[in-house]
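The values are calculated or read from the model by the stated rules, or taken from the named source; none is laboratory data. Please read these numbers as outputs of a predicted model, since none were measured by experiment. Glycine also receives a Cβ, built like all others from the backbone with ideal geometry; neighbour counts cover every protein chain displayed.
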């Protein structure tokens, strides 16, 4: 197989949560443990940092990677989902994994992958560990896929665990209360290993404290500390920066100091290619792509809009099945001009499903790029266009960055 055929085999052959939903989610650690053993990987000696939570995982990984790079280290990042290119999921110092490496890895391990019936996520995570060890990285940042307790990434013994925040998402799998979701996320807390919690919440903090105590793990709530490093115009990014600062403080590495923290934050775009977090695509009219897709994301999106001046605001929204769209849309400003579309995957909600959720007729076009072009052509220079609800809509609207 050439690389394109290899990539298609990975994307199409294996269960893929973003396209198939909960039926692609196979909880449990036995298969990934067997796969890692088969690869003969000694991951116990690696400096791994485990990042979980509902929102903010991706930007936390990005800022942390940038800071570690500015400290003079090589750092690997395993994140999800990708926006444009599968290889975005596995990087060293913001360089995507090589196509040749992926091709060779699949060719060498295809038999065991098929034998174990690995999920898309398990395969990709196993490959990332193999790649980071081959590249001899100093640190590797591992983002949880879904939940934590039974997530494939939970086979690692990190030097630090991180939980950014808790909100309602994937309730069909993780539970329909914040307490149940917090319990699943807290599964990444390991014995005698510090855990950083990004935000205190009265409904969930006792769960984290109790599980940390049972594991003899020191717990730090980042929101309890003041920080001088928050410099983003985006409120929710400043929360994540505060979390990252506490991560750096608790790594106890003299090279990761105030100077490298400041440089890493300022050079985030150069070092980490932070995308989908209030990413400005165009200035006039201001066009923003944001990966908000759940309650917390839409609340933060609404807060950010309240600080801006504009004439009219257009929303292009796409959602996966199971979302309470009526509730999410309720967070948006009055007089918002809302248009819906569908991304090109079976899990995306179609027009009928969206109308059923919203409870009324909607403005809908099944072609994301066409609806974007139509809105862009009618918007004035002082209007605002927001694209949100689904990570994968970015590729269908913008094709490539």
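Below are the figures for this structure:
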| item | result |
| --- | --- |
| Condition check for residue 77: buried (at least 17 other Cβ atoms within 10 Å of the Cβ) and outside any loop (DSSP other than H, G, I, E, B) | yes |
| Flag for residue 99 being under 21 Å from residue 269 (Cβ atoms) and in the same structural domain as residue 41 (by TED's automatic domain parsing) | no |
| Members of region 139-157 found to be touching a strand residue (DSSP E or B) at 6+ places or on another chain (Cβ under 7 Å) and part of a loop (DSSP other than H, G, I, E, B), listed by number | 144, 148, 156 |
| Residue count for region 212-245, restricted to those that are surrounded by fewer than 22 Cβ atoms within 10 Å (Cβ to Cβ) and in contact with a strand residue (DSSP E or B) (Cβ under 9 Å, 6 or more places away or on another chain) | 9 |
| The lone exception for residue 197 - which of (1) closer than 28 Å to residue 301 by Cα; (2) exposed (fewer than 14 other Cβ atoms within 10 Å of the Cβ) it fails | (2) |
| Entirely in region 1-52, the helices (runs of 4 or more DSSP H) that have 3 or more residues that are modelled with pLDDT under 95 | 3-8, 17-20 |
| Among (1) within 22 Å of the chain's Cα centre (by Cα); (2) without any contact (Cβ under 8 Å) to a residue 60 or more places away in the chain; (3) under 23 Å from residue 82 (Cβ atoms), the one test that residue 331 misses | (3) |
| Failed item, numbered, when residue 313 is tested on (1) in contact with a strand residue (DSSP E or B) (Cβ under 8 Å, 6 or more places away or on another chain); (2) surrounded by fewer than 19 Cβ atoms within 10 Å (Cβ to Cβ) | (2) |
| Those residues of region 196-244 which are modelled with pLDDT under 95, more than 15 Å from residue 182 (Cβ to Cβ) and part of a loop (DSSP other than H, G, I, E, B), in sequence order | 225, 226, 227, 228, 229, 230, 231, 232, 233, 234 |
| Test: residue in region 176-185 that is part of a loop (DSSP other than H, G, I, E, B), assigned by TED's automatic domain parsing to the domain that holds residue 258, in contact with a helix residue (DSSP H, G or I) (Cβ under 8 Å, 6 or more places away or on another chain) and over 18 Å from residue 61 (Cβ atoms) | no |
| Qualifying position, being assigned by TED's automatic domain parsing to the domain that holds residue 311, surrounded by 18 or more Cβ atoms within 10 Å (Cβ to Cβ) and outside any helix (DSSP H, G or I), among 387, 338, 354 | 387 |
| When residues of region 83-114 are limited to those that are over 26 Å from the mean Cα position of the chain (by Cα) and at pLDDT 95 or above, the one farthest from residue 64 (Cα to Cα) | 111 |
| Residues satisfying the stated conditions in region 88-104, i.e. crowded, with 21+ Cβ neighbours inside 10 Å and within 15 Å of residue 6 (Cβ to Cβ) | 90, 97, 102 |
| Matching residues, region 246-280, being buried (at least 18 other Cβ atoms within 10 Å of the Cβ) and assigned to a loop (DSSP other than H, G, I, E, B) | 251, 256, 274, 275, 277, 278 |
| Candidate set from region 357-367 (those that are out of contact with any strand residue (DSSP E or B) (no Cβ under 9 Å at 6 or more places or on another chain) and closer than 14 Å to residue 324 by Cα); member that is surrounded by the fewest Cβ atoms within 10 Å (Cβ to Cβ) | 360 |
